[in-house]
1. Which residues' amide hydrogens lie under 5 Å from the amide hydrogen of Ile213, considering only partners 5 or more residues apart or on another chain, with H built in the peptide plane?
2. Using 7 Å Cα-to-Cβ label points, what is the Lys108/Val72 separation (nm, one decimal)?
3. R0 = 22 Å: FRET efficiency of Ala370 with Lys172, Cβ-based, nearest 0.05?
4. Could the peptides 214-223, 50-59, 291-300, 67-76 be put in order, highest first, of the mean number of other beta-carbon atoms found within 10 Å of their residues?
5. For region 37-139, what is the relative contact order in percent, using Cα pairs closer than 8 Å and at least 6 residues apart in sequence?
6. Pop out the ³J(HN,Hα) list for region 141-149 in order, Karplus 6.51 cos²θ - 1.76 cosθ + 1.60 with θ = phi - 60°, rounded to Hz; leave Gly and Pro as x.
7. Give the long-range amide H neighbours of Asn82: residues separated by 5 or more places, or on another chain, with amide H under 5 Å away, using H modelled in the peptide plane at 1.01 Å from N.
8. If I model a spin label as a point 7 Å beyond the Cα along the Cα-Cβ vector, how far apart are those points for Tyr155 and Asn80 in nm?
Amino acid sequence: MKWEIFLLIAVLLCSQVQADIISEVQELSSEIEAFCNDNTVIVKGEYASKGERMLLSFLKEKYPAIEKLSTVGEMDYSPNGNAFLIGGPYQNSYTKQIIGSVPEVKRKETTAGTIIFLKSETEQYVVFSDPQGFSNNPRTGPRKSPLAKIMPVEYVPAAATAIGFSLIWLWKFLAILFRKAFNLIVSGKAMKLLKKKKISNKTKGFEYQGIKIKYREWVSILGAAVVFAVAKSYEFLISEEMLAFILASILVNTVIYSIRHFTRLTMDKLHDSHTEYVFWIWGGIVTIISGWLGNTFSVAGYTVSHKKSEKEAKISYMIDILTFAASIVFMILNLIFPSTLLQMSMLLAMAIAYLQMIPVSPLNGKKIYAWNRKLWWGSFIPMTVIYVLVNVLI
């Protein structure tokens, strides 16, 4: 989860913010010097954020007492009761271990995060964490990915993203091969599951305020929400909280999908259009694979229409843009009031909106691109930049 980069861009480029950080650190100079001696080391959390690592380099340049300390990873640290810990309890396992067991003597909220002083008769620590280190789940997926065995972990999300995109682009070619192979071993009835989805007003359901609610559509929505939640749980997995995380993620996903698709159904009514959300088997497989590789996609479903029209492309574009805008709101709120629910809301909204804009059938991006290329490019480029900053850089 590297949306902290936005904060760090401000830290590194805004002279006023830099001055504020220097001033705040100088206010704590005597306390930091008291905690830093020849035996003190900097212990960098395994899941320390990009922002924290960049800020550490920044502080080393500006503050000699920190610059002279050696740095080790949490897995290589041999406890000696005297350390400067980078990362909160969710980012640094040693921080989690000592907070609560060593008395806290002072806490300082700064522009860039929280500094905590812990001290007992035999131990003393300085903990630095961004706000998310106490509230957001760490991104464990890239380090558990099979790709991490053949490349540096910081490149894993980019590689996982490239593989995911390739699988989406190749789906038609692969579907033809799978169809021919499956045709030899399964029944004709089972083969119907692989055919292109069709929609009908006769599908079972009911109407609410003139809006058609189809049972099978909402089963597809719930299925897509569950697939994304399971895939994302591997990428952000904390074993002791796995079940709670998955359930919370399913709840968040279902709510966001529901709002998104009620909006689509309302627009369908206003524009006399007829669309339906369907579950995409290949997209679900790509979602699971991408989560296993280290960067979860959200392509387990797509929208089909009764007939092609510019109205359909316009509606799809508006919904994707609104969804992406909502992800930015969630991101800002999570910076101010960090929580797992806001973290998951931001990740899902951004993933589904951005990935649906890819110009490949059956995703929305293809019909949006055909409808208005200039509008598509003007939206897709900034969306790509934000998506990469949040999901690819670690």
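1. It is Phe206, Glu207, Tyr208, by chain and number.
2. Reported label-point gap for Lys108 and Val72 is 2.6 nm.
3. For R0 = 22 Å, the calculated efficiency reads 0.85.
4. Result, highest mean Cβ count within 10 Å first: 291-300, 50-59, 214-223, 67-76.
5. 29
6. Those phi angles translate into x, x, 7, 8, 5, x, 5, 5, 7 Hz.
7. Those qualifying (amide H under 5 Å, at least 5 residues apart or on another chain) are Gln124.
8. The modelled label-to-label distance comes out at 3.5 nm.
Since every read-out is calculated from the coordinates, none of them should be taken as a lab result. Predicted model only: the values in this text are computed from it and were never measured. With ideal geometry, Cβ positions are generated from the backbone for all residues, glycine too; neighbour counts draw on all protein chains shown.
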